[in-house]
Amino acid sequence: MCYLISASLPLLVAGGGKRYRYHVQVSIRTNEENAGTSLRVESAASPEPHSGGLSGRLNSLRAGVLGANDGIVSVAGIVVGVAAATTNQAAIATAGAAGLVAGAVSMALGEYVSVSTQRDSERALLAVERRELAEQPELELAELAAIYEGKGLTPATAWKVAEELTAQDAFAAHAEAELGIDPTALTDPRMAAGASALAFTLGAMLPLLGILAPVTVRLPVTIVAVLAALAVTGATGARLGRAPVARATMRVLVGGAAAMAATYLIGRVVGLVV
């Protein structure tokens, strides 16, 4: 007498820059007469519509929000401090514009250096992985199967997944599984630098324009506009990071208000002494 146990299991696996949904058919046949058990694994994969690049895009968007937040706070602190020391609109505008340019350049350079260093490290790791695949493909295949077995798959299923991913794109499969890197989506340091500078500039324009209001209302207008903008960036950053919105927004508001209060007091003291 033979007994047959069959089950179809869904399995989501990342590889080659995409996510693949596997439907794994596991069949176990037991033959009482021969006291043997056979195992058969079948699978079919289709690309998952949600790619791993979504997380990277959200991180980039969140970095843009934080860059705009830096621009708001930095230039607001400068113009409020100068406005507390003098009513000369030219001096206030010059200080604000200089702070905008200096901050944008600093953000761009910092982002360019940081991302370039990260990209160089990723390229070095990918080069090592490519060499290992060329020199010892069997060992690398076993290593890939061990990775998926360590994630909870049975040895047979893990080996099947590793073979299919290797057949599709061995380099991409190993890069993503072993290194967590998508070799087709390395960050461009020039794009990162430009985006960082643009975000800072857009944020800095708000207090710079607000401080150009008539002298009697320029400080209240600037402070209210800055706090409103900080509330928006704080809430947006919290939502993108899935953090508590109220707490994150309050932190940003308190920090921005403290920065403006500090520079205002320094401006008043300097304005009285000089």
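The values are calculated or read from the model by the stated rules, or taken from the named source; none is laboratory data. These figures come from a predicted structure and were not determined experimentally. Here the Cβ is made from the backbone with ideal geometry for all residues, glycine too, and neighbour counts use every protein chain on show. Each accessible area value is taken on the protein alone, full model and side chains, heavy atoms only, with ligands, DNA and RNA left out. Shrake-Rupley method; radii C 1.70, N 1.55, O 1.52, S 1.80 Å.
Odds and ends about this structure:
- Failed item, numbered, when ILE266 is tested on (1) free of Cβ contacts under 8 Å to residues at least 24 places away in the same chain; (2) within 19 Å of ALA76 (Cβ to Cβ); (3) among the hydrophobic types (A, V, I, L, M, F, W, C): (1)
- When THR216, THR201, THR263 are screened for being closer than 23 Å to GLN89 by Cα and not in a helix (DSSP H, G or I), only THR216 passes.
- Residue satisfying all of: in region 166-198; touching a Phe, Trp or Tyr at 6+ places or on another chain (Cβ under 8 Å) and assigned to a helix (DSSP H, G or I); farthest from VAL105 (Cα to Cα) among these: ALA177
So that you can scan it fast, the table gives a plain yes or no per residue for (1) open to solvent by less than 20 Å² (accessible area, probe 1.4 Å); (2) among the aliphatic types (A, V, I, L, M); (3) more than 27 Å from the chain's Cα centre (by Cα); (4) more than 18 Å from GLY71 (Cβ to Cβ):
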{"site": "ALA199", "(1), (2), (3), (4)": "yes, yes, no, no"}
{"site": "LEU209", "(1), (2), (3), (4)": "no, yes, yes, no"}
{"site": "THR216", "(1), (2), (3), (4)": "no, no, yes, yes"}
{"site": "LEU230", "(1), (2), (3), (4)": "yes, yes, no, no"}
{"site": "LEU253", "(1), (2), (3), (4)": "no, yes, no, no"}
{"site": "VAL273", "(1), (2), (3), (4)": "no, yes, yes, yes"}
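- Looking only at region 149-160, and only at residues there that are surrounded by 17 or more Cβ atoms within 10 Å (Cβ to Cβ) and out of contact with any strand residue (DSSP E or B) (no Cβ under 7 Å at 6 or more places or on another chain), the one that is farthest from PHE171 (Cα to Cα): LEU153
- As for region 137-144, it holds no residue that is part of a helix (DSSP H, G or I), without any contact (Cβ under 8 Å) to a residue 12 or more places away in the chain, out of contact with any strand residue (DSSP E or B) (no Cβ under 8 Å at 6 or more places or on another chain) and within 21 Å of ALA193 (Cβ to Cβ).
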